[in-house]
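**Q** Quick one: the structure is below, questions incoming.
Laboratory data are not the source of any read-out in this text; all were calculated from the coordinates shown. Predicted model, so just to flag it, every value in this text is computed and none were measured. As a convention, Cβ positions derive from the backbone with ideal geometry for all residues, glycine included, and neighbour counts pool all protein chains shown.
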Amino acid sequence: MKIRKAVFPVAGYGTRMLPATKAIPKEMITLIDKPLIQYSVEEAIDSGIEQIIFITGRAKKSMEDHFDMNVELNKILLESGRTKLYEDMKRISEMADIIYVRQKEQLGLGHAILCAKDILKGEPFAVILPDDIILSKEPVISQLIRQYERVNGNIISLMPIKAEHARRYGIVSIDTRVDERMYKLADMVEKPKDTPLSEFAIIGRYILTPDILNILETTQPETGNEIQLTDALRTLAKNGHVFGYEFDGMRFDCGEKIGLLEATINFAAQNSELAPELRRIMSKLDYKD
Ligand code: G1P
């Protein structure tokens, strides 16, 4: 079945980025010239996703406004002859069919996904965690969809990490290597305190089959007292239904300062308008070590 829907859990508070996120959602923080959330929405659309489901919470209105039509602004841009900008703004409001679902309580990633159950109507779906911004030739969701079409099972995006960073991630254990980048998974643990199961961390891109929703309904809160997607996937993995794919691309954790800074520099370096100036700025930096 075609992957048409993508769930975006966007109800989190973004405390790692305070005070920037005191009055704006973390998804609206800017990377170069676009809010973070727009990168992931564009990734989904470029991967053939037709419907986006935002699992949202209080204080996220500016995100809804961003993807809505701003009639007054459009009028001003048109009347002052700034047609290119007008076209850009119109494109943003027309780019996606977005449904908003409120997650009333912050009960974890697994719970957030469960909030989309009625809208998913038994279809397989993508999950995108928009804190994870990925610079790649082919959008990562599109890479995962190609693998899904091959194996017809749950697929998690994987990235090798250093063992000392394992406690920030879900970490998988490998059952068998299917081919160069594809693995069948045996198990996984959310934010392990002990020796990690492998060097592979789960990154915020998934293709999931609807059976995960039934498992989530009975999954008990664990790490951080939250219902974890990793725990539900673990149950599926033990029955042999979960694959991991080492995607092609550079991932940045834009939910924290260094990740956002690294993303900003890398995206600027890939932008022909900004790259020459970036080079000049970097060569003159006065570092405080
Ligand atoms: C979530 C997932 C975790 C994954 C991480 C990737 O954690 O639960 O398994 O490794 O995203 O960014 P979070 O960072 O939301 O705590």
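**Q** Could you check, for segment 143-153, whether at least one of its residues is within 15 Å of the ligand (Cβ to nearest atom) and either within 30 Å of E105 (Cβ to Cβ) or touching a strand residue (DSSP E or B) at 6+ places or on another chain (Cβ under 8 Å) (or both)? Write out each step before concluding.
**A** At the first step, the residues of segment 143-153 found to be within 15 Å of the ligand (Cβ to nearest atom) are 144.
With the extra rule that they be either within 30 Å of E105 (Cβ to Cβ) or touching a strand residue (DSSP E or B) at 6+ places or on another chain (Cβ under 8 Å) (or both), the set shrinks to 144.
Yes, there is a match, as at least one residue in segment 143-153 is within 15 Å of the ligand (Cβ to nearest atom) and either within 30 Å of E105 (Cβ to Cβ) or touching a strand residue (DSSP E or B) at 6+ places or on another chain (Cβ under 8 Å) (or both).
**Q** Here is a further query. How many residues are surrounded by 22 or more Cβ atoms within 10 Å (Cβ to Cβ) and among the hydroxyl-bearing types (S, T, Y) when one looks only at segment 190-218?
**A** Summing the residues that are surrounded by 22 or more Cβ atoms within 10 Å (Cβ to Cβ) and among the hydroxyl-bearing types (S, T, Y) in segment 190-218 gives 1.
**Q** Here's a follow-up. Which count do you get for residues in segment 176-189 that are among the charged types (D, E, K, R) and surrounded by 17 or more Cβ atoms within 10 Å (Cβ to Cβ)?
**A** Within segment 176-189, residues that are among the charged types (D, E, K, R) and surrounded by 17 or more Cβ atoms within 10 Å (Cβ to Cβ) number 1.
**Q** Taking the residues in segment 249-266 that are assigned to a strand (DSSP E or B) and more than 10 Å from the ligand (Cβ to nearest atom) as candidates, determine which candidate is surrounded by the most Cβ atoms within 10 Å (Cβ to Cβ).
**A** Across segment 249-266, the extreme among qualifying residues is F252.
**Q** Quick one: which of T235, T218, T223 is free of Cβ contacts under 8 Å to residues at least 60 places away in the same chain and within 11 Å of the ligand (Cβ to nearest atom)? First the steps, then the outcome.
**A** Working: T235 fails: within 11 Å of the ligand (Cβ to nearest atom); T218 fails: within 11 Å of the ligand (Cβ to nearest atom).
The unique qualifying residue is T223.
**Q** Have a look at D179, D175, D194 and point out the one that is assigned to a strand (DSSP E or B) and acidic (D, E).
**A** Of the residues listed, the single one that is assigned to a strand (DSSP E or B) and acidic (D, E) is D175.
Residues checked against (1) touching an Asp or Glu at 6+ places or on another chain (Cβ under 7 Å); (2) in contact (Cβ under 8 Å) with a residue 24 or more places away in the chain; (3) in a helix (DSSP H, G or I):
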residue: F8; (1), (2), (3): no, yes, no
residue: Y13; (1), (2), (3): no, yes, no
residue: K22; (1), (2), (3): no, no, no
residue: I49; (1), (2), (3): no, yes, no
residue: F54; (1), (2), (3): no, yes, no
residue: E64; (1), (2), (3): no, yes, yes
residue: D68; (1), (2), (3): no, yes, no
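**Q** Name every residue in segment 206-215 that is over 16 Å from R4 (Cβ atoms) and of a type outside the set (A, V, I, L, M, F, W, C), in order of residue number.
**A** If the condition is that a residue be over 16 Å from R4 (Cβ atoms) and of a type outside the set (A, V, I, L, M, F, W, C), then D211, N214 are the ones that fit.
**Q** In segment 219-230, which residues are buried (at least 17 other Cβ atoms within 10 Å of the Cβ), among the β-branched types (V, I, T) and under 18 Å from D253 (Cβ atoms)?
**A** Matches in segment 219-230: T230 only.
**Q** Another question about this same structure. Just checking, how many residues over segment 267-289 are surrounded by 13 or more Cβ atoms within 10 Å (Cβ to Cβ) and over 20 Å from M250 (Cβ atoms)?
**A** Counting residues in segment 267-289 that are surrounded by 13 or more Cβ atoms within 10 Å (Cβ to Cβ) and over 20 Å from M250 (Cβ atoms) gives 0.
**Q** Quick one: E105 ticks every box in (1) surrounded by 13 or more Cβ atoms within 10 Å (Cβ to Cβ); (2) within 30 Å of D231 (Cα to Cα) bar one, so which box is it?
**A** With respect to (1) surrounded by 13 or more Cβ atoms within 10 Å (Cβ to Cβ); (2) within 30 Å of D231 (Cα to Cα), E105 is out only on (1).
**Q** Going through I134, I99 one at a time, which residue ends up being under 28 Å from G255 (Cα atoms), in contact (Cβ under 8 Å) with a residue 40 or more places away in the chain and either surrounded by fewer than 22 Cβ atoms within 10 Å (Cβ to Cβ) or away from the ligand (no atom under 16 Å from the Cβ) (or both)? Working first, answer last.
**A** Details: I134 fails: either surrounded by fewer than 22 Cβ atoms within 10 Å (Cβ to Cβ) or away from the ligand (no atom under 16 Å from the Cβ) (or both).
Selected residue: I99, the only one of I134, I99 that is under 28 Å from G255 (Cα atoms), in contact (Cβ under 8 Å) with a residue 40 or more places away in the chain and either surrounded by fewer than 22 Cβ atoms within 10 Å (Cβ to Cβ) or away from the ligand (no atom under 16 Å from the Cβ) (or both).
**Q** A further question on this structure: Looking only at segment 155-206, how many residues end up being among the small types (G, A, S), more than 10 Å from the ligand (Cβ to nearest atom) and free of Cβ contacts under 8 Å to residues at least 40 places away in the same chain?
**A** Total meeting the criteria: 3.
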